[in-house]
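Okay, so here's the structure we're looking at.
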Amino acid sequence: GSLRSIDQFANLVLHQTVERIHVGKKYGDIPRGIFVVRGENVVLLGEIDLEKESDTPLQQVSIEEILEEQRVEQQAKQESEKLKVQALKERGLSVPRADTLDEY
């Protein structure tokens with residue numbers, strides 16, 4: 001994408017943006033179009049060196065393939081988390097669920 005506008009509050013308007021999803025050594029780009037980012041959410045803004053980007057060892061794949069790999073990776077993380085919680089329960093320990101932490 002490219003920066004179209006910025007104001008004194010660091011509000012950004014980005015044009016021709018893409019969402020890049022990384023899974024392992026593969027990535028896929030999803031075109032998103034115009035993106036507005038409120039200044040309070042901006043941490044860092046900078047240019048990408050296109051020469052260095054082309055030297056990365058990452059392999060570009062189709063959107064469908066990267067989304068499927070992301071789903072498989074997330075599913076594996078969930079299974080791993082379930083095993084951790086089960087092991088802790090067997091030892092008499094409890095772990096608060098992430099969705100209940102916001103109540104405190």
Give the residue, chosen from Val23, Val37, that is modelled with pLDDT of 90 or more, in contact with a helix residue (DSSP H, G or I) (Cβ under 8 Å, 6 or more places away or on another chain) and not basic (Lys, Arg). Val23
Could you grab me the full set of residues in segment 3-17 that are open to solvent by 80 Å² or more (accessible area, probe 1.4 Å) and either touching a helix residue (DSSP H, G or I) at 6+ places or on another chain (Cβ under 8 Å) or of a type in the set (Asp, Glu) (or both)? Phe9
Which residue pairs have Cβ atoms under 8 Å apart, sit 6 or more places apart or on different chains, and have a first residue in segment 46-69 that is more than 17 Å from Ile30 (Cα to Cα) and in contact (Cβ under 8 Å) with a residue 12 or more places away in the chain and a second that is of a type in the set (D, E, K, R) and open to solvent by 90 Å² or more (accessible area, probe 1.4 Å)? Pro57/Lys25
Any idea how many residues of segment 16-37 are out of contact with any Asp or Glu (no Cβ under 6 Å at 6 or more places or on another chain) and assigned to a strand (DSSP E or B)? 15
Among the residues of segment 18-50, which ones are surrounded by 10 or more Cβ atoms within 10 Å (Cβ to Cβ) and over 22 Å from Glu69 (Cβ atoms)? Gly33, Ile34, Phe35, Val36, Val37, Arg38, Gly39, Val42, Leu45
Restricting attention to segment 46-67, which residues are β-branched (Val, Ile, Thr), modelled with pLDDT of 90 or more and in a loop (DSSP other than H, G, I, E, B)? Val61
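The values are calculated or read from the model by the stated rules, or taken from the named source; none is laboratory data. None of the values given here were measured: they were computed from a predicted structure. Positions of Cβ are generated from backbone atoms using ideal geometry, with glycine treated the same way; all protein chains shown enter the neighbour counts. The protein model used for the area step is the full one, side chains on, heavy atoms only, and it has no ligands, DNA or RNA in it. Shrake-Rupley method; radii C 1.70, N 1.55, O 1.52, S 1.80 Å.
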